[in-house]
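Student: Would you mind keeping the following structure in view while I ask a few things?
The values are calculated or read from the model by the stated rules, or taken from the named source; none is laboratory data. Just so you know, these numbers come straight off a predicted model, no measurement behind them. With ideal geometry, Cβ positions are generated from the backbone for all residues, glycine too; neighbour counts draw on all protein chains shown.
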4 protein chains.
Amino acid sequence: MAGKKAIAVVAGVGPGTGSSIARKFGQHYPVIVLARNPANYNEVVETINSSGGHAIGLSTDVSDATAVSNAFTKITTELFPGSPIAAAIFNSGGGFVRKPFLELTTEEFEKGWEGQVKAAFLFSQAVLPLLLQGVEEKSEFPPSLIFTGTFPPPPLNPQLGATGSVRGSANFSVFASAKFGLRALSQSLAREFGPKGVHVAHVIVDGVIDIPRTKGYVFEHEDAKLSPDAIADSYWFLHTQPRTTFAYELDLRPYVEKW
Amino acid sequence: MAGKKAIAVVAGVGPGTGSSIARKFGQHYPVIVLARNPANYNEVVETINSSGGHAIGLSTDVSDATAVSNAFTKITTELFPGSPIAAAIFNSGGGFVRKPFLELTTEEFEKGWEGQVKAAFLFSQAVLPLLLQGVEEKSEFPPSLIFTGTFPPPPLNPQLGATGSVRGSANFSVFASAKFGLRALSQSLAREFGPKGVHVAHVIVDGVIDIPRTKGYVFEHEDAKLSPDAIADSYWFLHTQPRTTFAYELDLRPYVEKW
Amino acid sequence: MAGKKAIAVVAGVGPGTGSSIARKFGQHYPVIVLARNPANYNEVVETINSSGGHAIGLSTDVSDATAVSNAFTKITTELFPGSPIAAAIFNSGGGFVRKPFLELTTEEFEKGWEGQVKAAFLFSQAVLPLLLQGVEEKSEFPPSLIFTGTFPPPPLNPQLGATGSVRGSANFSVFASAKFGLRALSQSLAREFGPKGVHVAHVIVDGVIDIPRTKGYVFEHEDAKLSPDAIADSYWFLHTQPRTTFAYELDLRPYVEKW
Amino acid sequence: MAGKKAIAVVAGVGPGTGSSIARKFGQHYPVIVLARNPANYNEVVETINSSGGHAIGLSTDVSDATAVSNAFTKITTELFPGSPIAAAIFNSGGGFVRKPFLELTTEEFEKGWEGQVKAAFLFSQAVLPLLLQGVEEKSEFPPSLIFTGTFPPPPLNPQLGATGSVRGSANFSVFASAKFGLRALSQSLAREFGPKGVHVAHVIVDGVIDIPRTKGYVFEHEDAKLSPDAIADSYWFLHTQPRTTFAYELDLRPYVEKW
């Protein structure tokens, strides 16, 4: 390995999966976390920095081209000039509504796409050149671009169990069309950048994640919610796979989840 | 059956599949054809009208909310006030580019989504109330909303054979993410409106269609291109299925196509 | 078209889908029906013959190599020497048990495979040479080999709605592994014999079929059971598609079916 | 954890993936390896035993009910009486032929099913009670039953790249129908035994594995073959996932593999 120390970038960090992923990758790399609202990343940034790591939060709306451009200009010129990216995680949620189709506004429908597919497009265009740089500089692990599929949006009844990335359920047209689109993008990128040495992967998270917001969801069985730390372990596992043996897709769910 | 005569609406009509579908449904229903450029529908409108049918073309950009609204206001107040819709076909293509991912502009990426997913959203919101009216008025066949998946875009080498609706190939991120999104939307609508009596279906067209533009594509075997009339027959078959026995998805390809 | 009149062969005929298919194809072709128990086909044979068609029943266990060989020797030497096959339908059900996995006997598991996958193998080997003969003799429609996927087995609670051909549900290991295997076989044959002009298709029947045996299944909605005649119409539609525009897979379900 | 030390069992061990898996799990558990021919496991047994582990080979045809029964009687009464199973890996290959469909014998077709689906059935029935025992005794990691999907059979041209577990290619009817059947079985077991605490998973190995037998396969790119040790690391990763966060399916392929 030559050149500057590689970094990790996590887009979409709140008090759940994103924070767990940032902490996990923060044990190995300096980590940039992106979220619109600094309140979403302040705690994890502090945790990482106070435990010997190096984390920086950037307030960024990843569905906004200018905002993404500004964030990466800052990263590449001010914060970590010359550094390749070791791992880029697209974990953005948000913006979804679940409604009978005829009650949706065009803006609500559009927002679902912007928050997922357009944001993933902008993020991927920003990180891929720096991931390819990592390939050239013979990074320790194959540079990785990992997308989070199906993320149960907050207002949902957890019992609904809609697997948005591979199933379009009734009343879920916003969610499903955005998540199918995101999966398509990730597949296309895996086929284009895999042979160039970048490990592109898509993780389907199917179930309720055990985060502060879902405290109130009570299930019949114990351990019925996904552990954010175990999800983060899966992302790290994907990141450390050698290029002889890449996984493209991983589906994660609690043992009692219906699927 | 009560009320006014039901009509058919076909969005995305050029000198290929759309025209064949319009002619097929025009044998049974008055048919409205929508395309941005009247040059794309003038011929088929004339053909239908001169052979005893009734066709009307409306110049409409289906990815534009105002344009769609104007077209349907015209249909419901001027052209066919009180008529239910018997069949609505979303067959819109266009707007795709195929490029290495890092060469795409945000606008190019966005346009793919707008031309497919957003347009299908706008079209579906406009036609579904009139399809549901058909259910209420006990139409001859279950009112149908049919989407065309994977439509090989013009600039493509036909040899590439990318099945965009279910496979995201390298360099096809615009196409694949739009077509996956369209399929997700159609699935969600099938699950929401099927139980209400509307037959929502998605047709995967996999291969080169035999239209004027593909004259130059020569294959080793004869009959190696899809017949637009045979595609139209498949749409008509779907439309005439009774509600006891709906097909949601149909994949069409020439006998020699690799898949 | 040259040579002897083409025939149709339907394997798996009881008082439901198989009979409807035989009647439908019997309007156009002499039809051979195969079932182990003559009681299953006697009525349909009589109906076809008394309405101007020509049907012959052969008592045959299609999972038994010798029985299949005997039936086809009889067809090709005695009944219709020199005739090509226009359409061969594999519609065999039966033999399934649904049980907790650890209560299954090896024999029960094996029987599921024999009744579906092995039987389909034997049937396909018997009919394909005669379907290819139809291609050579330029049959009216492309010779067709159609398989029935997911067939809800009799002892099941219809509410379970397991889609065996594409989903392996709990306690359905016999059913799912046989139906996945059948679908794999049909796909492999579609890719091998499609380019030779034989139309191989797989139909997923998802829901309760409206037959004498399911009289007692009462649903909240009317028309909630699949119509065997509408299923037969779908098979006939597949059979009449030109080779430019083959469908490989069709999923059929009632409008109110959950999927 | 209470009771006797848990063991691992690997069915299908040759000088490739099976041996790597045995070595990996042998670092943590006593490991039983099953293969018909002792020549296939002698080396790995010796390697494990000489490096401080504990391995035992049992010559067993896993497609034979009596042989499987004998092996497990020996395990539970002689070798490790009272021990639960921590991990059971079904990695059996073999028995496949690739041929034009009409040249296959019934025996060849049957053998493909026996070697995969029936063998997996017998193995699963033998190990599941001992995996459930592990759940009861609160094993360190959730007891795991992992199946290897698509295993490119020896006589194949590696360029063919057929993904048997999810795609039925021309001339691959034996392989595809067996691998689809195996995947169906694993899905059904995942849905039945997951909620009981057993982690059932299915790994799709897509590409040529770097083993002695494939030495002669030369690719344009380096690292174009799957590493058996990296495959084994993936199995171990699956085994150590907590029950809050199980993956059911993982697809592994070299970075340059076409898919």
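Student: In segment B:16-44, which residue that is polar (S, T, N, Q) and within 16 Å of B:D233 (Cα to Cα) is modelled with the lowest pLDDT?
Tutor: Applying the filter and picking the extreme gives B:T17.
Student: Another question about this same structure. Within segment A:169-180, can you find the residues that are assigned to a helix (DSSP H, G or I), facing another protein chain (nearest Cβ under 8 Å) and not basic (K, R)?
Tutor: Those that are assigned to a helix (DSSP H, G or I), facing another protein chain (nearest Cβ under 8 Å) and not basic (K, R): A:S173, A:A176, A:S177, A:A178, A:F180.
Student: Those residues that are of a type in the set (A, V, I, L, M), in contact with a helix residue (DSSP H, G or I) (Cβ under 6 Å, 6 or more places away or on another chain) and within 22 Å of D:H202 (Cβ to Cβ), I need them from segment D:87-127; list them, please.
Tutor: D:A87, D:A88, D:I89, D:V117, D:A120, D:L122, D:A126
Student: Further, regarding this structure: Within the bounds of segment A:108-116, is there any residue that is in contact (Cβ under 8 Å) with a residue 60 or more places away in the chain and among the small types (G, A, S)?
Tutor: Taking every residue of segment A:108-116 in turn, at least one turns out to be in contact (Cβ under 8 Å) with a residue 60 or more places away in the chain and among the small types (G, A, S).
Student: Tell me, which residue of segment A:194-207 that is among the small types (G, A, S) and not in a helix (DSSP H, G or I) is nearest to the other protein chains (Cβ to nearest Cβ)?
Tutor: Step by step, filter segment A:194-207, then rank; the result is A:G197.
Student: If you take the residues in segment A:1-15 that are surrounded by 14 or more Cβ atoms within 10 Å (Cβ to Cβ) and over 17 Å from A:A88 (Cα atoms), which one is modelled with the lowest pLDDT?
Tutor: So, considering only residues that are surrounded by 14 or more Cβ atoms within 10 Å (Cβ to Cβ) and over 17 Å from A:A88 (Cα atoms), the one modelled with the lowest pLDDT is A:G3.
Student: Any residue at all in segment D:51-58 that is over 21 Å from D:E137 (Cβ atoms), among the hydroxyl-bearing types (S, T, Y), at pLDDT 95 or above and in a strand (DSSP E or B)?
Tutor: No; the residues of segment D:51-58 include none that is over 21 Å from D:E137 (Cβ atoms), among the hydroxyl-bearing types (S, T, Y), at pLDDT 95 or above and in a strand (DSSP E or B).
Student: Return the total of residues in segment D:208-234 being within 9 Å of another protein chain (Cβ to nearest Cβ), in a loop (DSSP other than H, G, I, E, B) and surrounded by 15 or more Cβ atoms within 10 Å (Cβ to Cβ).
Tutor: Residues flagged as within 9 Å of another protein chain (Cβ to nearest Cβ), in a loop (DSSP other than H, G, I, E, B) and surrounded by 15 or more Cβ atoms within 10 Å (Cβ to Cβ) within segment D:208-234 amount to 5.
Student: Tell me which of these D:T47 doesn't satisfy, since it passes every other one: (1) in a strand (DSSP E or B); (2) more than 25 Å from D:P129 (Cα to Cα).
Tutor: Against the list (1) in a strand (DSSP E or B); (2) more than 25 Å from D:P129 (Cα to Cα), D:T47 comes up short only on (1).
Student: Looking at (1) under 23 Å from C:E107 (Cβ atoms); (2) modelled with pLDDT of 95 or more; (3) surrounded by 16 or more Cβ atoms within 10 Å (Cβ to Cβ), which one does D:S92 not meet, given that it meets all the others?
Tutor: With respect to (1) under 23 Å from C:E107 (Cβ atoms); (2) modelled with pLDDT of 95 or more; (3) surrounded by 16 or more Cβ atoms within 10 Å (Cβ to Cβ), D:S92 is out only on (2).
Student: Okay, next question. Looking at D:F80, D:F101, D:F72, can you tell me which residue is out of contact with any strand residue (DSSP E or B) (no Cβ under 7 Å at 6 or more places or on another chain), more than 18 Å from D:V13 (Cα to Cα) and surrounded by 15 or more Cβ atoms within 10 Å (Cβ to Cβ)?
Tutor: D:F101
Student: Could you list, in sequence order, the residues of segment A:60-90 that are within 16 Å of the chain's Cα centre (by Cα) and within 22 Å of A:S20 (Cα to Cα)?
Tutor: A:T60, A:D61, A:V62, A:I85, A:A86, A:A87, A:A88, A:I89, A:F90
Student: Just to be sure before I move on: is C:Q159 part of a helix (DSSP H, G or I) and at pLDDT below 90 in the structure I sent?
Tutor: Yes.
Student: Please enumerate the residues belonging to segment C:109-121 that are more than 7 Å from every other protein chain (Cβ to nearest Cβ) and crowded, with 24+ Cβ neighbours inside 10 Å.
Tutor: If the condition is that a residue be more than 7 Å from every other protein chain (Cβ to nearest Cβ) and crowded, with 24+ Cβ neighbours inside 10 Å, then C:G112, C:Q116, C:A119, C:A120 are the ones that fit.
Student: Filter segment B:235-259 down to the residues that are surrounded by 19 or more Cβ atoms within 10 Å (Cβ to Cβ) and hydroxyl-bearing (S, T, Y) and list them by number.
Tutor: B:Y235, B:T244, B:T245, B:Y248, B:Y255
Student: Still on this structure, please answer the following. Quick check: is even one residue across segment C:181-191 polar (S, T, N, Q), within 14 Å of chain D (Cβ to nearest Cβ), in contact (Cβ under 8 Å) with a residue 40 or more places away in the chain and assigned to a loop (DSSP other than H, G, I, E, B)?
Tutor: Checked segment C:181-191: no residue is polar (S, T, N, Q), within 14 Å of chain D (Cβ to nearest Cβ), in contact (Cβ under 8 Å) with a residue 40 or more places away in the chain and assigned to a loop (DSSP other than H, G, I, E, B).
Student: Hey, another quick one. Among the residues of segment D:52-59, are any over 14 Å from D:V10 (Cβ atoms) and either buried (at least 18 other Cβ atoms within 10 Å of the Cβ) or in contact (Cβ under 8 Å) with a residue 40 or more places away in the chain (or both)?
Tutor: no
Student: Could you give every pair whose Cβ atoms fall below 6 Å, whose first residue belongs to segment A:66-83 and is under 18 Å from B:T105 (Cβ atoms), and whose second residue is surrounded by 18 or more Cβ atoms within 10 Å (Cβ to Cβ), counting only separations of at least 6 or pairs across chains?
Tutor: A:A67/A:T60; A:A67/A:D61; A:V68/A:V62; A:V68/A:L122; A:V68/A:A126; A:F72/A:A126
Student: Another question, if that's okay. If only one of D:A86, D:A119 is touching a Ser or Thr at 6+ places or on another chain (Cβ under 9 Å) and part of a strand (DSSP E or B), which one is it?
Tutor: From the options D:A86, D:A119, the qualifying one is D:A86.
Student: Being within 28 Å of C:T240 (Cβ to Cβ), within 14 Å of another protein chain (Cβ to nearest Cβ) and in contact with a helix residue (DSSP H, G or I) (Cβ under 6 Å, 6 or more places away or on another chain), is that true of even one residue in segment C:32-39?
Tutor: So far as segment C:32-39 goes, no, none of its residues is within 28 Å of C:T240 (Cβ to Cβ), within 14 Å of another protein chain (Cβ to nearest Cβ) and in contact with a helix residue (DSSP H, G or I) (Cβ under 6 Å, 6 or more places away or on another chain).
Student: Report, ordered by the first and then the second residue, all pairs with beta carbons closer than 6 Å, sequence separation of six or more or different chains, a first member in segment C:19-47 that is farther than 17 Å from C:S227 by Cβ, and a second member that is at pLDDT 95 or above and among the polar types (S, T, N, Q).
Tutor: So the pair list comes out as C:L34/C:T60; C:P38/C:S59.
Student: Here is a follow-up. Considering D:P153, D:P195, D:P142, which residue is within 18 Å of the chain's Cα centre (by Cα), of a type outside the set (V, I, T) and modelled with pLDDT of 95 or more?
Tutor: Answer to the selection: D:P142.
Student: Scan segment D:235-259 for residues that are within 7 Å of chain A (Cβ to nearest Cβ) and assigned to a helix (DSSP H, G or I) and report the count.
Tutor: Residues meeting the conditions: 1.
Student: Can we say A:P30 is more than 15 Å from the chain's Cα centre (by Cα) and crowded, with 22+ Cβ neighbours inside 10 Å?
Tutor: Judged against the criteria, A:P30 is not a match.
Student: Any chance you could count how many residues in segment D:211-221 are free of Cβ contacts under 8 Å to residues at least 60 places away in the same chain and closer than 14 Å to D:P15 by Cα?
Tutor: 2
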